[in-house]
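Participant: Below is one structure. I have some questions about it.
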Amino acid sequence: MTENTALPKARGTAPPADASLGKRAKRRVGRALRWLVREIQYRILYLWSRVMGPPGVLAYHMDINVRLLRAFGAKVGENTRLVAPITLCNIWLGYRNLTIGDDVAFNGGTFLDLFNRITIERGASLGPNVIVMTHNAFNKNRFLESRLPRLVGDKPVVIGAGAGIKAGAVILHGVTVGEEALVAGGSVVNRDVPRRAYVSGVPAVIRRNLDRD
């Protein structure tokens, strides 16, 4: 009777080196294919938009959204996260009235009225379905325009560095939201928001000074 001199198999043994290399190769190929598909999609969209005008809705991968914005006049910083869909209206000048700083985040459903300039500074974030308006005319209704003259016209909007605009908020024309201010979800902002203020309501009013509390 011979003794079994084979060593026992260790539990949790690492997979063979060639299997790990195969998985890494597959991942690299997958990344390359995804990049190629996005590149082809961007080039087709760019060429189409050169003929037909820039799209009013950006519903693509974030990289493609940024490239299309830049291609048609917007200034877009680095490390942005611009989740689709992004609706842009009054774009007869392309996207030239839009400036987006570094580290800005859109979280889907963003509506931007580019009748006048919109500036979104570094690190600001827009929650889902935020609306930013730069003009209003009540569809040329003379009665409403005479009774509510302050709400008529077009003015630029500035959203300061680090400001947070939560889901469903509406920013009206002429408003400046201060740095690191917070606008609660569903609010309608028709006046400037001071730096580091928390506002909410319709119309939005100051609830807290975030520097003091």
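Condition check ((1) surrounded by 15 or more Cβ atoms within 10 Å (Cβ to Cβ); (2) part of a loop (DSSP other than H, G, I, E, B); (3) out of contact with any strand residue (DSSP E or B) (no Cβ under 6 Å at 6 or more places or on another chain)) across all residues:
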{"residue": "ARG150", "(1), (2), (3)": "no, no, yes"}
{"residue": "GLY168", "(1), (2), (3)": "yes, yes, yes"}
{"residue": "GLU180", "(1), (2), (3)": "yes, yes, yes"}
{"residue": "GLY185", "(1), (2), (3)": "no, yes, yes"}
{"residue": "ARG195", "(1), (2), (3)": "yes, yes, yes"}
{"residue": "PRO203", "(1), (2), (3)": "no, yes, no"}
{"residue": "ILE206", "(1), (2), (3)": "no, no, no"}
{"residue": "ASP211", "(1), (2), (3)": "no, yes, yes"}
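Participant: List pairs: first in segment 158-180 and under 13 Å from MET133 (Cβ atoms), second of a type in the set (Ser, Thr, Tyr), Cβ under 6 Å, 6+ apart or cross-chain?
Facilitator: ALA169/SER187; HIS173/THR134
Participant: Please tell me if LEU69 is at pLDDT 90 or above and either in a loop (DSSP other than H, G, I, E, B) or under 30 Å from ASN90 (Cβ atoms) (or both).
Facilitator: Yes; evaluated as a whole, the condition is true for this residue.
Participant: Does segment 90-109 contain any residue that is in a helix (DSSP H, G or I), more than 17 Å from GLY162 (Cα to Cα) and out of contact with any strand residue (DSSP E or B) (no Cβ under 6 Å at 6 or more places or on another chain)?
Facilitator: no
Participant: Going by what's in this entry, would LEU172 be described as open to solvent by less than 50 Å² (accessible area, probe 1.4 Å) and under 23 Å from the mean Cα position of the chain (by Cα)?
Facilitator: So LEU172 passes the test.
Participant: When segment 125-183 is examined, which residues are found to be in contact with a helix residue (DSSP H, G or I) (Cβ under 7 Å, 6 or more places away or on another chain) and among the aromatic types (Phe, Trp, Tyr)?
Facilitator: Residue satisfying the conditions is PHE138 alone.
The values are calculated or read from the model by the stated rules, or taken from the named source; none is laboratory data. Since the structure is predicted, the reported quantities are computational estimates derived from the model, not experimental observations. Glycine also receives a Cβ, built like all others from the backbone with ideal geometry; neighbour counts cover every protein chain displayed. Heavy atoms of the whole protein, side chains included, go into the accessibility calculation; ligands, DNA and RNA do not. Shrake-Rupley method; radii C 1.70, N 1.55, O 1.52, S 1.80 Å.
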